[in-house]
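Below is one structure; the comments refer to it alone.
Only the coordinates and a few stated rules stand behind these numbers; no lab work does. No experiment lies behind these values; they were computed from the predicted model shown. Here the Cβ positions follow ideal geometry from the backbone for every residue, glycine too, while neighbour counts run over all protein chains shown.
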Amino acid sequence: MRLHEAQIDVPDALVASLVRSQCPQWAHLPQRRLDHDGTIHRVHLLGDDAVVRVPIIDWAGDEAGDDARRLPVLAAALRPAGIAVPELLFRGEPGEGMPWTWGIWSRLPGRHPQPGDPHDEAAVARGIADALDAVGTVTLDWAPAPDPTFFSRDDGTRDKVVALGSPAALAAWDAARDPGPDEPPQWIHGDLMPGNLLLEGEGASARLTGILDWGASGRGDRGFDLLAAWTCMGAGARALLLDATHATEPQIARARAYAVRKAAWGIEYYERTLPGFAQQLRWALAQVVADYS
């Protein structure tokens with residue numbers, strides 16, 4: 001099923017052809033398409049230890065080229081916290097019917113956290129707090145991310161929020177219209193959803209060991225990475241994360257509004273094509289509503 005009107009078709013044969021023609025040393029490895037792709041990439045497992053990500057739409061950008069610059073720096077910053085990022089193994093060129101660059105990354109061990117599981121939520125809260133401190137030391141020059149102006153400009157989001165039919169969601173969105181005092185930008189991930197986090201261990205021994213998909217990252221508002229407080233956890237772990245990161249009230253307001261924005265645009269858009277992702281956005285919206293109960 002197509003995710004975007006303007007996307008291109010990326011059949012299994014195209015992915016296999018790209019690997020075979022540009023990195024024949026890996027052509028013998030078995031390939032298996034994941035049951036669920038990303039929102040802008042077709043994703044295949046390559047053997048046991050690698051992942052092929054091929055863009056399906058032009059605004060995916062040159063993620064492999066960007067990752068060649070940022071991932072080594074981020075890996076070094078996060079290593080003392082025990083958190084890994086994928087390694088770019090190969091940057092592919094356009095060809096074989098693929099108009100854009102693509103790539104092969106290392107596959108990290110672990111499982112995605114389950115929002116609602118108190119042990120997983122606590123592990124994510126502790127891990128994200130450590131991760132934010134670690135990436136805050138990164139000085140790599142980069143474009144702002146995400147676009148910091150969408151709270152103040154009329155891009156249709158408020159109408160989308162109104163359409164959700166939730167007074168709490170609208171209150172949360174409007175509360176971020178006044179962004180508060182300027183804060184120095186720092187490196188952020190920009191999209192801390194459960195599918196971009198990896199845990200190892202079960203129960204009380206669970207811990208955050210990997211963060212995936214840095215395509216939305218850059219230098220920006222630390223508050224945006226507090227998104228995880230609504231996308232990945234309930235009230236108890238949320239309080240733990242916000243306390244551990246010394247989050248300010250303006251940061252909390254912006255992070256909460258960012259969760260509302262993702263829900264307002266994404267639930268309807270992905271309802272039929274990526275229902276699991278739409279359900280994650282509903283969870284985040286429910287957490288915002290709980291804040292106002």
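Quick one: work out Rg over Rh on the C-alpha atoms of the stretch 125-245, Rh as Kirkwood radius. The partial results should precede the final answer.
Values: Rg = 15.5 Å, Rh = 15.8 Å.
Result: Rg/Rh = 0.98.
In this simple spin-label model, placing a label point 7 Å from the Cα along the Cα-to-Cβ direction at both residue 106 and residue 25 gives a separation of 1.5 nm. Classify the stretch 43-94 as rounded, prolate or oblate from the Cα gyration tensor: take a ≥ b ≥ c as the square roots of its eigenvalues, call it rounded if a/c is under 1.5, otherwise prolate when a/b beats b/c and oblate if not. Because a/c hits 1.5 or more and a/b fails to exceed b/c, the stretch 43-94 counts as oblate. Counting only DSSP beta bridges whose two residues both lie in the chain, roughly 95 percent are antiparallel. Using the Karplus relation 6.51 cos²θ - 1.76 cosθ + 1.60 with θ = phi - 60°, the per-residue 3J(HN,Hα) values for the stretch 222-238 come to 3, x, 5, 7, 6, 3, 4, 5, 10, 7, 10, 7, x, 4, x, 5, 4 Hz, with x marking Gly and Pro.
Between residue 138 and 187, the built amide H atoms are under 5 Å apart, and every one of these is 5 or more places off in sequence or on another chain.
Dividing the summed helix terms, -39500 (n - 2.57) for each DSSP H run of n ≥ 4, by the number of residues in the chain produces a 222 nm estimate of -12500 deg cm²/dmol to the nearest 500.
Residues whose amide H falls under 5 Å from that of residue 103, counting only those 5 or more places apart or on a different chain, are 53, 92, with hydrogens built in the peptide plane.
Helix 275-291 and the long axis of the chain differ in direction by around 20°, with both axes built from C-alpha atoms.
With the simple model of a label 7 Å out from the Cα in the direction of the Cβ, residue 216 to residue 202 spans 3.1 nm. The 3J(HN,Hα) values that the Karplus relation (6.51, -1.76, 1.60; θ = phi - 60°) gives for the stretch 60-65 are, in residue order, 5, x, 8, 5, 5, x Hz. Gly and Pro appear as x. In this entry, the stretch 80-186 is assigned a mean projected area of 11.6 nm², taken as a quarter of its C-alpha convex hull surface. Peptides 77-84, 122-129 ranked from most to least packed by the mean count of surrounding Cβ atoms within 10 Å: 122-129, 77-84. Summing +1 for each Lys or Arg and -1 for each Asp or Glu among the other residues whose beta-carbon sits under 13 angstrom from that of residue 266 gives +2. Compared with the dominant principal axis of the Cα atoms in the chain, helix 249-270 is inclined by about 50°. Computed with the Debye formula from one identical point scatterer per Cα of the stretch 12-106, without solvent, the log10 of I(q)/I(0) at q = 0.15 Å⁻¹ comes to -0.58. Across the stretch 78-86, coupling constants 3J(HN,Hα) worked out from phi with the 6.51/-1.76/1.60 Karplus curve, θ = phi - 60°, read 8, 4, x, 8, x, 10, 9, 10, x Hz, and Gly and Pro carry x.
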